[in-house]
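What follows is a short report on a single structure.
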Amino acid sequence: MHTNHQFANNTNTLLLNVSSNARIIIFATCIILCLTPFVSPAVALLMGLVIAQFTGHPYLHLNHKATHILLQASVVGLGFGMNVHSALHAGKEGILFTIASISGTLVFGYFMGKWFNIEKKTSFLISAGTAICGGSAIAAISPVIKAEEKQISISLGCVFILNSVALFIFPVIGHYLNLSQNQFGLWCAIAIHDTSSVVGAASKYGTHALEVATTVKLARALWIIPVAFLSSFLFKNNSSKIKVPYFIGLFILAMIINTYVPAIAIASPYIIKIAKTGLTLTLFLIGAGLSRTVLLSVGFRPLFQGILLWIAISTSALYAVIHWA
């Protein structure tokens, strides 16, 4: 549920000068490592970031499509490990947090954009990505508001940088504050931008945290639709089609099958294992797309807006789940 939007990889900025064949071999070796149980989602992301800075992504032009397909397939696969009844309970519990956090983030982001004098469309994309589901929201809303390539790239870069940080620090904070599985799952789903990092952080925390986080995050992703309609009104554009995240329906179908078809219990553990491996590989590819060119293109003011928005939603969501969840 995310896009790299074809960031250009400027080989002049790489820290190691290697041949194209060596670059491919190193990249392929990292992919093989991601398919083993020895590499966690966080380590995979870190590996990708190292590749992006040192040797570069040899297939960067395919990265957007690969991560998009892999993430969606992995999330659907995780549905085979979830129960409809507990998922409905988690969804009901997260609905009020979702409404409050999305509306609050969009309003706060609007005023921050004006205060910091950030280009309107860039500011809105960062706010929408922070409020809903990171790269997926930006990818869905950018054609609706007719955003330019640079505006999209800046917004995506900002979201992916903060996602990378969240994947490492959220489990540490969760354990330090002794959050329950339910509390951590809710907090992840609300406060981390992208579905990939939400699932990565929650799976590290525990099985129930993963179930709560995935369900609430995907319910949150459906808010792309009303926010996209709002965007077309705010930016006076009624001609663009809105991308609906259809794979969420497949995720729900997988949950229903897992709950009501006992025979699937034989295959479920294997499907879940493959899905988690797919997620690890997705996070490696996301990291590998964050070249120094991408990081430098973001700029201070948009990144500052993204950081302040993220701190605001993270701290308010953390307070909410500790006191009310």
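Examine region 201-211 for a residue that is polar (S, T, N, Q) and either open to solvent by less than 10 Å² (accessible area, probe 1.4 Å) or touching an Asp or Glu at 6+ places or on another chain (Cβ under 9 Å) (or both), and state whether such a residue exists. The answer is no, given that none of the residues of region 201-211 is polar (S, T, N, Q) and either open to solvent by less than 10 Å² (accessible area, probe 1.4 Å) or touching an Asp or Glu at 6+ places or on another chain (Cβ under 9 Å) (or both).
Screening region 249-270 for residues that are open to solvent by 10 Å² or more (accessible area, probe 1.4 Å) and aromatic (Phe, Trp, Tyr) and picking the one that is farthest from the chain's Cα centre (by Cα) gives Tyr260. Of the residues examined, Phe108 is not one that is in a helix (DSSP H, G or I) and either open to solvent by less than 60 Å² (accessible area, probe 1.4 Å) or free of Cβ contacts under 8 Å to residues at least 60 places away in the same chain (or both). Would you mind stating whether Phe160 is under 18 Å from Leu283 (Cα atoms) and not β-branched (Val, Ile, Thr)? Here the answer is yes, as Phe160 does meet what is asked.
Whether any residue in region 92-102 is modelled with pLDDT under 90, open to solvent by less than 60 Å² (accessible area, probe 1.4 Å) and outside any helix (DSSP H, G or I) is what I want to check. No, the conditions are met nowhere in region 92-102. Please verify whether Lys204 is at pLDDT below 90, more than 25 Å from His323 (Cα to Cα) and not hydrophobic (A, V, I, L, M, F, W, C), treating the condition exactly as stated. So Lys204 fails the test. Among the residues of region 138-197, just one is among the acidic types (Asp, Glu) and open to solvent by less than 10 Å² (accessible area, probe 1.4 Å), namely Asp194.
Is it the case that Lys114 is more than 19 Å from Leu290 (Cα to Cα), modelled with pLDDT of 85 or more, of a type in the set (D, E, K, R) and touching a helix residue (DSSP H, G or I) at 6+ places or on another chain (Cβ under 6 Å)? No. Residues in region 111-158 that are basic (Lys, Arg) and not in a helix (DSSP H, G or I): 1 in all. Here Phe170 passes the criteria (1) of a type outside the set (S, T, N, Q); (2) closer than 22 Å to Ala44 by Cβ; (3) touching a Phe, Trp or Tyr at 6+ places or on another chain (Cβ under 6 Å) except the one numbered (3). Pairs linking a residue in region 252-278 that is among the basic types (Lys, Arg) to a residue that is surrounded by 13 or more Cβ atoms within 10 Å (Cβ to Cβ), with Cβ atoms under 7 Å and 6 or more positions apart or on different chains, are Lys276/Ser203. Considering region 271-313, and only residues there that are within 15 Å of the chain's Cα centre (by Cα) and not in a helix (DSSP H, G or I), the residue that is nearest to Leu35 (Cα to Cα) turns out to be Gly289.
The values are calculated or read from the model by the stated rules, or taken from the named source; none is laboratory data. Small disclaimer: the values here were computed from a predicted structure and weren't measured. Heads up, the Cβs are rebuilt from the backbone with ideal geometry, glycines too, and the neighbour counts pull from every protein chain shown. We work out accessible area using only protein heavy atoms, side chains counted, and drop any ligands, DNA or RNA first. Shrake-Rupley method; radii C 1.70, N 1.55, O 1.52, S 1.80 Å.
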